[in-house]
Amino acid sequence: MIKKFRVKPPVFKAVQYDGKNSDELKKLFEDEDEVVFGVDGDILLIQTKHRSLMMLSKGDWLVRDDYGAVFTKTDTNVKQDYEEV
């Protein structure tokens, strides 16, 4: 008998950047990541010990997946690709 399977969707933790919530964003990282934030106008720059430079604009999301990877997504991408659980 042939069966069909679907990959279970992963669940992400995410915080939307509002221009003032860098402390909340920092909680998505591990302590050993040694996170440093910088601001350039409306853009938040994030540098960690183990990851490359990331940039977030107001309204963008910082996402942490089940494997511990942290990455950015635009608000449009989040609304298009994910649903809140």
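Shown here for the chain: chymotrypsin sites (Phe, Trp or Tyr not before Pro) in loop regions (DSSP other than H, G, I, E, B) with at most 12 other Cβ atoms within 10 Å, namely Phe5, Tyr67.
Using the Cα centre of the chain as the reference point, and only Cβ charges (+1 on K/R, -1 on D/E), how large is the resulting charge dipole? Debye, rounded to the nearest 20. Please list the in-between numbers first.
Values: 14 positive and 17 negative charges, 121 e Å.
With only Lys, Arg, Asp and Glu charged at Cβ, the dipole is about 580 debye.
Derived scalar couplings between HN and Hα for the range 60-67 equal 6, 10, 9, 10, 10, 8, 5, 8 Hz in order, rounded to whole Hz, by the Karplus curve 6.51 cos²θ - 1.76 cosθ + 1.60 (θ = phi - 60°), x for Gly and Pro.
Could you please tell me the mean projected area of the C-alpha convex hull for the range 13-81, averaged over all directions and given in square nanometres to one decimal? All intermediate terms of the calculation are to be shown ahead of the outcome.
Working: hull surface 17.7 nm².
Dividing the Cα hull surface by four gives the mean projection, 4.4 nm².
Hey, got a sec? Which trypsin sites (Lys or Arg not before Pro) in the range 9-85 land in a DSSP loop and have at most 16 other Cβ atoms within 10 Å? Working shown, then result.
Values: sites: Lys13, Lys20, Lys26, Lys27, Lys49, Arg51, Lys58, Arg64, Lys73, Lys79; in loops: Lys20, Lys27, Lys49, Arg51, Lys58.
Hits after loop and neighbour filter: Lys20, Lys27, Lys49, Arg51, Lys58.
Restricting the GluC sites (Glu not before Pro) of the range 17-85 to loop positions (DSSP other than H, G, I, E, B) with no more than 14 neighbouring Cβ atoms within 10 Å leaves Glu30, Glu34, Glu83, Glu84.
Total Lys pairs in the range 13-81 closer than 14 Å by alpha-carbon, pairs eight or more apart in sequence or interchain only? Walk me through the intermediate numbers first.
Details: Lys13/Lys26; Lys13/Lys27; Lys13/Lys73; Lys20/Lys58; Lys26/Lys49; Lys58/Lys73.
Qualifying lysine pairs in the range 13-81: 6.
The phi torsions of the range 7-18, fed into the Karplus equation with coefficients 6.51, -1.76 and 1.60 and a -60° offset, translate into couplings of 5, 5, x, x, 10, 10, 9, 8, 10, 8, 6, 10 Hz, rounded to whole numbers, with Gly and Pro shown as x. From the alpha carbon centroid of the range 1-39 to that of the range 64-85 is 7 Å.
We did not get these values from a lab; they are worked out from the coordinates using the rules stated. Computed from a predicted structure; not experimentally measured. All Cβ positions, glycine included, derive from the backbone under ideal geometry; neighbour counts span all protein chains shown.
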